[in-house]
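Comments concern the structure below.
The values are calculated or read from the model by the stated rules, or taken from the named source; none is laboratory data. Quick caveat: nothing in here was measured; it's all calculated off a predicted structure. Note that each Cβ is placed from the backbone with ideal geometry, even for glycine, and that neighbours are counted across all protein chains shown. Heads up: the accessible areas ignore ligands, DNA and RNA and are worked out on the full protein's heavy atoms, side chains in. Shrake-Rupley method; radii C 1.70, N 1.55, O 1.52, S 1.80 Å.
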Amino acid sequence: MAVRPRPILALAALLLSGSALAAPTAPAGSAAQAADPIPARNQGVGPFQRTVLRHVYMIDGTGAPAQGPFDIVLSNDRIAEIKSIGAPGAINPALRAAPGDHEIDLAGAYVIPGFVDAHVHLHSLSDAQKVPSDYILKLWMAHGITSVRDLGSGHPIEWLADIKARSARNEIVAPRIDIYPMFHQIRGPVNDAATARAVIQEAKKRGADGIKFIGGAPEDVLYAALDETKKLGLHSTMHHAQQLVAYANVLGTSARAWKAWNIGMACPKRCLPTSVSRPSPPTSSTMTSRCASARQGGCGRRRPNRDRTSGTR
């Protein structure tokens with residue numbers, strides 16, 4: 001018997017058309033906005049106080065098989081309730097979720113969590129690629145990417161903070177955005193520890209969620225900046241470039257404050273004897289497993305690419 005293909009929906013994308021938080025917009029006439037304006041959203045519906053997705057099958061992202069059928073309730077921009085409504089072909093009306101002010105019948109469809117892209121660079125028409133920011137934002141959403149971590153766009157922090165705020169308010173078609181400016185682009189080159197701390201403080205005040213470290217920052221500057229990010233509650237990520245190998249590798253920086261391995265030019269197993277015990281922050285197991293998986297081909301070897309929207313090879 002032929003099986004009819006089932007549509008798959010990004011649940012977090014549906015959240016975008018639900019409720020959203022208010023946020024300020026950028027000053028009118030800013031240079032970046034004038035060069036590449038992002039138009040207000042003119043498609044879709046909402047926001048709604050209570051949205052109900054009826055009769056769906058859910059892939060929850062844990063690795064478990066699809067489950068269902070469910071009614072899923074979205075309220076105040078969050079998944080408020082996941083109600084089992086019986087079995088396939090045997091729906092129990094008594095188990096259905098209470099009515100919403102907006103409902104979507106998704107019988108036979110699947111919902112999945114929105115994808116998170118942890119390494120993006122949002123550009124504009126003022127950059128060399130000459131691609132509109134609006135196109136990039138919509139391209140991400142069209143592929144089910146509903147949250148991104150921007151690791152340095154080359155634009156002022158305020159430019160991206162404005163886009164983040166407009167997205168949070170549901171004014172534009174865009175994913176949720178975390179802002180990680182490149183350390184050396186916040187104020188320019190830094191040559192002493194005191195200035196490094198001041199730069200991190202400034203970045204937070206201007207709207208940064210974290211900091212990306214890249215390039216050959218002097219040892220005292222690097223570790224002062226990492227320490228300041230930790231004190232201020234900012235996240236951090238790092239490109240461990242070759243210029244730093246004498247005093248900074250993924251084990252050393254993670255022990256200080258660094259939170260996520262962005263790009264590593266050398267694996268820990270190449271740097272230290274195998275008898276050295278690894279630290280135990282959440283990222284260390286991922287870091288170690290990546291190195292272990294590269295034993296046959298070196299740390300630069302990549303695993304087969306996976307299709308971002310379907311999870312298939």
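Taking R0 as 30 Å, what FRET efficiency do you get between Arg78 and Ala107 from their Cβ-Cβ distance, rounded to the nearest 0.05?
The computed FRET efficiency comes out at 0.80.
Test of understanding: what is the full-extension gain from Ser126 to Gln201, defined as 0.36 nm times their sequence separation minus their Cα-Cα distance?
Full-extension gain reported as 24.2 nm.
Shape of the stretch 76-174 from its Cα gyration tensor (a ≥ b ≥ c, root eigenvalues): rounded if a/c is under 1.5, otherwise prolate when a/b > b/c, or oblate?
The shape class here is prolate.
Which log10 I(q)/I(0) values does the stretch 27-144 give at q = 0.11 Å⁻¹ under the Debye formula, counting every alpha carbon as one identical point scatterer?
Each listed q corresponds, in turn, to -0.55.
If you count, for each residue, the other Cβ atoms within 10 Å and average over each peptide, how do 202-214, 85-97 line up from highest to lowest?
Ranked from most to least packed, the peptides come out as 202-214, 85-97.
Name the residues whose placed amide hydrogens come within less than 5 Å of the amide hydrogen of Ile79, ignoring near sequence neighbours (fewer than 5 apart) on the same chain.
none
Using a 1.4 Å probe over the heavy atoms of the protein chains, calculate the carbon and sulfur portion of the accessible area of the stretch 109-220 as a whole percent.
56 percent
Quick one: if the Förster radius is 45 Å, what FRET efficiency do Leu139 and Asp192 give, using the C-beta to C-beta distance and rounding to 0.05?
That pair, Leu139 with Asp192, gives E of 0.60.
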